[in-house]
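Okay, so here's the structure we're looking at.
Please treat every number below as a calculation from the coordinates, not as lab data. Remember, predicted model here, so these are calculated numbers, not experimental data. Here the Cβ is made from the backbone with ideal geometry for all residues, glycine too, and neighbour counts use every protein chain on show.
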Amino acid sequence: MKTIARQHAKRTGFSLIEVLVSMSVVALGLLAVVSFQSRLTAESGESKAKVEATALAQARIEELRNYTNSARTVDEFNALFTAGNEGADTSITGVNSTFNRREAFTTNGNRKQVNVQVAWTDRGNNSHSVVLSAELGWESPRSVGDIGRDTTIAHVGSPTGRAHLGEGQLPPNATTTPNDDGTEIYDDGSGDLKLVVGNDIVLTLEDACQNGSCLNFVKIKGRIYIDTATQSQLDPGEVFVKASDAAYCQRYYVTYDGAGNPTAHPVDNNTTSALTTASGDYEYFDYTCYLGGGWHGNIGILLAGGIAQSDKFCQGDPVTTDAWAEPVIAARRAYRGMLYKVDASTANGKQQNANGDNIYYSIGVGDAIVLPDPDTSDKTHDFVIASLAVSATEGSNCKTQGIMVRPDSVVGGVSGALFEGIPTDFVCLNPSYIDSFDSTVYGVENTCPYDPTDPPAARHILSGTIDVVADVSQAANVELISVNTSDGPGNCTRGVFSFSGAAYSATYTCDVYDWGNGWNGYIQINPNSYAIACNDDGSIDGLADQRMNMTSIGADGSGKDFGCAAGNIVVVTGTVTSGHTNRKLSSASISIVGGSCLVDADGMGYSCTTGVFDTETWTGTITFTPASGKVCGTDVNPTTGVATLTNLAPGIYTRDLWVNHNTSCP
């Protein structure tokens, strides 16, 4: 028995080689653990140092923002933040490393750009740094105290408005009023109105019902189009519409039975299809965002998988000739009204800052407003979702890449007309849609001078005269003449026309806004009547037409004059379609003395106006010059780009174009 036991023990022991192999494996494992721990410790130290460096940079920026003890006037502010006045580097002994901090100042118009860099060296002698930037503008140190003391002045309300997010669920057997989108309205008798989805109360409008009548929610309506050529894998349920602050956006589409009765189909996260246009170029559904009066904010698009750099959201009007209405690429649309504070001590009666620029305040939308106004517009606030190259960030790509000009966009023979009148990424609520305000304190203009989500650094005033050769029978048409800038339709004010001999004369002024490098844009005169033609003399930009193109305007200016004449006029307009970014119009000219052509900034549209002619009809040519390729269209010779037009009576005519890569036109 002992012999057997010994033999068994011998069989179950370990050889020296096995022991050595085991020890090697354990040693390698321990080395890996030690290496991992060392690397983890190093990375942790680097991460802590980066956090500490960021905090030091942020603390310095906050210190610089609190400049009022060092700068009591705008001159002292400019001296304090002058390039080259940064001082010596500062060494800071921190918890995780020794840091070196430096700052640099640059001037950006009336503002100062501050860059704070914090650098350090880690244990491995590797250099690291973080840089934080901020922009400072002069503000009087006593401004906060002035606001606190001025208890007689009412201030503009917050952007949230008079609604707040929901309160529980709908009570059993409650009576509701259905909307046309799958939501319902519940009046609980307390004076509040509730927006209901299913059994959930998602939004409450406070104090909506008074004395037996109720104010409804504000509604902003639009449509989401998915460009199927570039976003074929995107389902409607993956597209979310969101509004800032207290709001609820309902997604839905509507179908009709044989009798024309509508049925709303809510879109949820599982919706894989909605409606499509005739040839399937676009899949689409509608949205309505419910808000409270007083709200101002943003409505934007989110995608279930996140927004990639190739995801593009087109907004704007693809058939317009106005620069401010051209398509843009942006994932959100901002809604604001703008007020100025009345100040009798200034020349224009508006509160101004130290530089003489008007000060504006944001204000929200009025109670129960529906946007767009169903009484004045049949176009909603749409988005067109596409996929384009990462570098395609300019709004012109919405046309040159075909996104907004697919065959299904053609309405009345005009490519892109399906999206005509759609606003860009900013909607001004002035003056008709803004909330109530104290008119003894504030005033409102007919439009917003600029997009307040991107405020300028300075304002400049440009002025000129308008002379019109016409007799008294044209008085009504003369009064239709207006002036605008490329920034928008409301930045120019025209004086009253006076009549003397055989001519009318008036002056005008335009506010233009400088974002730090001078204003670039144009002033345009609009006859608004096909009995009057207007041009400048070409002294500003070398072109005698309806626009004065200007660059780097950094001060006020005068002498921006226009001349007009009454008589027979022909206007020819059109859009340009192409399949490539570079194939667009470069210029256009018309063969008549006093005639002129305007080409859209993106080269995807034009408008040509004849001078005044005495005959019953006009015959002539328009020469189109493309940036590349050949111009195709009705009556256009693709080899020369010349369109021959014959016997046109006074009026407006449409001639759409296609820019092709060769002389073979479709």
What are the extents of the Cα atoms of the range 327-472 along their three principal axes, listed from largest to smallest and rounded to whole Å? 57, 47, 37
How much of the pair distance distribution for the range 506-655 lies past 23 Å, counting alpha-carbon pairs only, in percent? 42 percent
At a threshold of 8 angstrom on Cα-Cα distance, excluding pairs fewer than six apart, so keeping six or more, what relative contact order does the range 456-567 reach in percent? 36 percent
Dimensions of the range 456-567 along principal axes (Cα, Å, largest first)? 46, 26, 21
With the radius of gyration and the Kirkwood radius both derived from the Cα set of the range 568-666, what is their ratio Rg to Rh? 0.97
What is the distance, in nm, between label points placed 7 Å from the Cα along the Cα-to-Cβ direction at residue 379 and at residue 496? 3.5 nm
Size of the dipole of the chain about the Cα centre, Lys and Arg at +1 and Asp and Glu at -1 on the beta carbon, nothing else charged, in debye to 20? 3080 debye
Per-residue ellipticity at 222 nm for the chain, helices alone: DSSP H runs ≥ 4 residues times -39500 (n - 2.57), over residue total, nearest 500 deg cm²/dmol? -4000 deg cm²/dmol
Nitroxide proxy distance, nm - points 7 Å out along Cα→Cβ at residue 361 and residue 134: 2.6 nm
What is the sum of charges, Lys and Arg at +1 and Asp and Glu at -1, for the other residues whose Cβ falls under 15 Å from the Cβ of residue 568? -3
Rounded, prolate or oblate, given the Cα gyration tensor of the range 327-397, with a/c below 1.5 counting as rounded? oblate
Mean Cα-pair separation over length for the chain, i.e. relative contact order, pairs under 8 Å, 6 or more apart, %: 9 percent
Any idea what angle helix 16-65 forms with the longest principal axis of the chain, computed on alpha-carbon atoms, 0 to 90 degrees, nearest 10? 40 degrees
HN-Hα J in Hz across the range 264-269 - Karplus 6.51, -1.76, 1.60, θ = phi - 60°, x for Gly and Pro: 8, 10, x, 9, 10, 5
Of the listed links 312/399; 48/112; 242/312; 221/379, those spanning more than 20 angstrom between alpha carbons are 48/112
Charge-dipole axis of the chain as Lys and Arg at +1 and Asp and Glu at -1 on Cβ define it, positive-most pick from 105, 160, 492: 105
Rounded to the nearest 10 degrees, what's the angle between the helix 2-11 long axis and the longest principal axis of the chain, both from Cα atoms, 0 to 90? 30 degrees
Could the peptides 610-621, 586-597, 525-536 be put in order, highest first, of the mean number of other beta-carbon atoms found within 10 Å of their residues? 525-536, 586-597, 610-621
The exposure ranking of 460, 128, 296, fewest beta-carbon neighbours within 10 Å first, is 128, 460, 296
Give me 314, 510 sorted ascending by neighbouring Cβ count inside 10 Å, so fewest comes first. 510, 314
Would you please classify the overall shape of the range 153-247 from the alpha carbon gyration tensor, given that a ≥ b ≥ c denote the square roots of the eigenvalues, rounded means a/c under 1.5, and beyond that prolate means a/b larger than b/c while oblate covers the rest? oblate
Global size of the chain as Cα Rg and Dmax, reported in angstrom: 33.0, 142
For the range 638-647, Karplus-derived ³J(HN,Hα) couplings (6.51, -1.76, 1.60; θ = phi - 60°; whole Hz; x for glycine and proline) come out as x, 6, 9, x, 9, 9, 9, 10, 10, 6
Would you calculate the volume per residue, in Å³, of the smallest convex hull containing every Cα atom of the range 500-557? 110 Å³
